[in-house]
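Asks: Have a look at this one before I ask anything.
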Amino acid sequence: QVQLVESGGGLVQAGGSLRLSCAASGRTFGTYVMGWFRQAPGKERWFVAAISRSGGTYYADSVKGRFTISRDYSKNTVYLQMNSLKPEDTAVYHCAADLGHSVSTDPNNYDYWGQGTQVTVSS
C-alpha cells in the first residue's frame with residue numbers, strides 16, 4: 001500500500017509560481033514512477049508531468065518550459081515547480097504512483113493516488 005499526500009496548492013496571480021509537494025509512504029519510493037495529473041471542474045483528469053525511477057522527466061506540451069518535476073529519494077517526496085502560471089492551469093492537482101517500469105501519461109496505468117490540492121490562477 002502506498003499513501004500519497006499533496007501540499008502546496010493555493011491562489012496565485014497569472015505569471016506567478018507555486019511548488020507542489022507529494023509525500024509518499026508505505027513502499028520503497030525509488031521503485032515506482034511518479035506522476036502529476038490535473039482535473040478541472042467537469043473535465044477529465046489530464047497528464048501534467050512524470051518522473052521515472054531513474055529521474056527521467058516527461059511533460060505535457062501545455063506545461064513544457066514552465067513546470068519542472070523532481071524527486072527527492074531521501075525524503076520520499078516528488079515536487080512540481082510551476083512557473084509562469086496561467087488561468088488555464090487552474091485545477092485540482094493529483095500526484096500518483098505507478099508500480100510499473102515504464103512512464104505513462106495514461107492515468108489508468110497509475111496504481112495509487114493522492115487526494116489532490118487545489119491550484120487557482122487568477123487573471
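Asks: What ranking do 77-87, 6-16, 29-39, 99-109 get when scored by the average of other Cβ atoms within 10 Å per residue, highest first?
Replies: Highest to lowest by the protection proxy: 29-39, 77-87, 6-16, 99-109.
Asks: Let me know the whole percent of all Cα-Cα pairs from region 68-123 that are separated by more than 18 Å.
Replies: When every Cα pair of region 68-123 is considered, 45 percent fall beyond 18 Å.
Asks: Starting from 0.36 nm per residue, how many nanometres of slack lie between Lys86 and Ala14 once their C-alpha separation is accounted for?
Replies: Values: separation 72, 0.36 × 72 = 25.92 nm, distance 0.50 nm.
Stretched out fully, the Lys86 to Ala14 stretch lengthens by 25.4 nm.
Asks: Sorted by average packing, counted as other Cβ atoms within 10 angstrom per residue and highest first, what order do 48-54, 91-97 take? Provide the component values of the computation, followed by the final result.
Replies: Values: 48-54: 19.4, 91-97: 23.4.
The peptides rank, most packed first, as 91-97, 48-54.
Asks: In region 1-60, what percent of the accessible surface is made up of carbon and sulfur (1.4 Å probe, ligands and nucleic acids excluded)?
Replies: 49
The values are calculated or read from the model by the stated rules, or taken from the named source; none is laboratory data. This one's a predicted model, so the numbers in the text were calculated from it and none came from an experiment. Heads up, the Cβs are rebuilt from the backbone with ideal geometry, glycines too, and the neighbour counts pull from every protein chain shown. The accessibility values were calculated without ligands, DNA or RNA, using every heavy atom of the protein model including side chains. Shrake-Rupley method; radii C 1.70, N 1.55, O 1.52, S 1.80 Å.
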